[in-house]
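**Student:** First the structure, which I've put down as structure tokens, then a few questions once you've had a look.
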Amino acid sequence: MLEKYLEINEDVKKALEEGKPVVALESTIISHGMPYPKNVEMALKVEQIIRENGAVPATIAILGGKLKVGLTKDEVEYLGKAPNVIKTSRRDIPFIVGKKLDGATTVASTMIIANLAGIKVFATGGIGGVHRGAQETFDISADLEELGNTNVAVVCAGAKSILDIGLTLEYLETKGVPVIGYKTEELPAFYTVKSGFKVDYKVEDAKELAVALKAKWDLSLKGGVVVANPIPEEYAMDYDMITNAINNAVKEAEEKGIKGKESTPFLLSKVKEITKGQSLEANIELVYNNAKLGADLAVELSKLQ
């Protein structure tokens, strides 16, 4: 029955069948995260970085109602240009599939489709989380629920700094999701190396991390893991500058009544505008950095299977 919905690229399928390392990639960052042609250039370079580090990239999206695992260059180009691609989380999948529409996958939906395909490692920019003011709005990303349920490791630069990071960590703790710092004891906050919050565990290399992941899933401890990989220092933004930019963007979003799944694209766009494009460049570099670690982790995990 799954074959009716799921279409795995031949290179990805071959790698999975042979037990070779594969890294899943999301597509919302292509269709909703960056302007064309920067989005396509970034997506293709991320795939190249993963290949150069010994793994097979599998960019995930929904095209014409099909769950696609591993996009062609033309499909990435299409996603980067198409105006009506729908931002797709867990709740949206059956309707995008049923209506044979195009959907760009978020962290949550990428995890779901990666898991269906048998991919255990996913590299992205930053995870969603608990939004500021969630005590009143209950605005909490589906990414956190998915991390509590789906056996995929998510390599990211921490939680997006537009969120309430403290509450996000509390929520992950409740769901039993380990937050692991890669060579850091402090959770990075997307654009910045520091957030003021500690991670649960620190690891020094991908092998140490792979051993812990294998133990978790061998013991049937359901759910994912957040692998927090700080943006390289040379691309990190000034903490005070980015904090002020985010606070101003959040205030404008509140004034305009922008909520739910529209809030993150709006806030990231406003931060880019306020920082004169510096945040976009930082975003791209941290994604590249996560792609490399994702490939390293997938390689080490494949050795333990």
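The numbers here are math on the coordinates, done by the rules we state, and not lab data. Computed from a prediction, not measured in an experiment: that's the story for all the values here. Cβ sites come from the backbone with ideal geometry, for glycine too, and all protein chains shown count toward neighbours.
**Student:** Treating cross-link reach as a plain straight distance, find the lysines whose alpha-carbon is under 18 Å from the alpha-carbon of K100, omitting any fewer than eight places away in the same chain.
**Tutor:** Partners found: K4, K66, K68, K87.
**Student:** Helix-derived [θ] at 222 nm for the chain: sum -39500 (n - 2.57) over DSSP H runs of at least 4, divide by residue count, nearest 500? Provide the component values of the computation, followed by the final result.
**Tutor:** Values: 13 runs with 144 residues, N = 305.
Calculated from helices alone, the mean residue ellipticity at 222 nm is -14500 deg cm²/dmol.
**Student:** How large is Rg/Rh for the chain, to two decimals, with Cα atoms and a Kirkwood Rh? Can you show the working numbers first?
**Tutor:** Details: Rg = 17.8 Å, Rh = 19.0 Å.
Over the Cα atoms of the chain, Rg/Rh equals 0.93.
**Student:** Something else now. Out of residues 5 or more away from A189 or on other chains, whose amide H comes under 5 Å of its own, with H placed 1.01 Å from N in the peptide plane?
**Tutor:** K194
**Student:** From Cα pairs below 8 angstrom and at least 6 apart in sequence, can you work out the relative contact order of the stretch 2-303, rounded to a whole percent?
**Tutor:** Relative contact order of the stretch 2-303: 20 percent.
**Student:** Do any GluC sites (Glu not before Pro) in the stretch 1-99 lie in a loop, going by DSSP, with at most 14 other beta-carbon atoms within 10 Å of their beta carbon, and if so which?
**Tutor:** E18
**Student:** Just flag the trypsin sites (Lys or Arg not before Pro) in the stretch 226-305 sitting in loop per DSSP whose Cβ has no more than 16 other Cβ atoms within 10 Å.
**Tutor:** K259, K276
**Student:** Which Cα, out of L116, L101, I165, lies furthest along the positive dipole direction of the stretch 2-303 (beta carbon charges, K/R +1, D/E -1)?
**Tutor:** Looking along the dipole axis, the top candidate is L101.
**Student:** Suppose the chain between L2 and E41 were pulled fully straight at 0.36 nm per residue; how much longer would it get relative to their current alpha carbon spacing? Intermediate values should be presented prior to the final figure.
**Tutor:** Numbers: separation 39, 0.36 × 39 = 14.04 nm, distance 3.18 nm.
So the chain would gain 10.9 nm between L2 and E41.
**Student:** Here are some pairs, K120/K175; K222/K251; K14/K207; K99/K270; K38/K207; K14/K214; which of them have Cα atoms lying more than 28 Å apart in this structure?
**Tutor:** Beyond 28 Å: K222/K251; K99/K270; K38/K207.
**Student:** For T59, enumerate residues with amide H under 5 Å from its amide H, sequence gap 5+ or separate chain, H modeled in the peptide plane.
**Tutor:** Long-range HN contacts for T59: L25, G70, L71.
**Student:** Filter K20/K292; K160/K183; K194/K276; K202/K303; K45/K256 down to the pairs with a C-alpha to C-alpha distance above 24 Å, please.
**Tutor:** Check vs 24 Å cut-off fails for K45/K256.
**Student:** K14 versus I86, label points 7 Å from Cα toward the beta carbon: distance in nm?
**Tutor:** 3.5 nm
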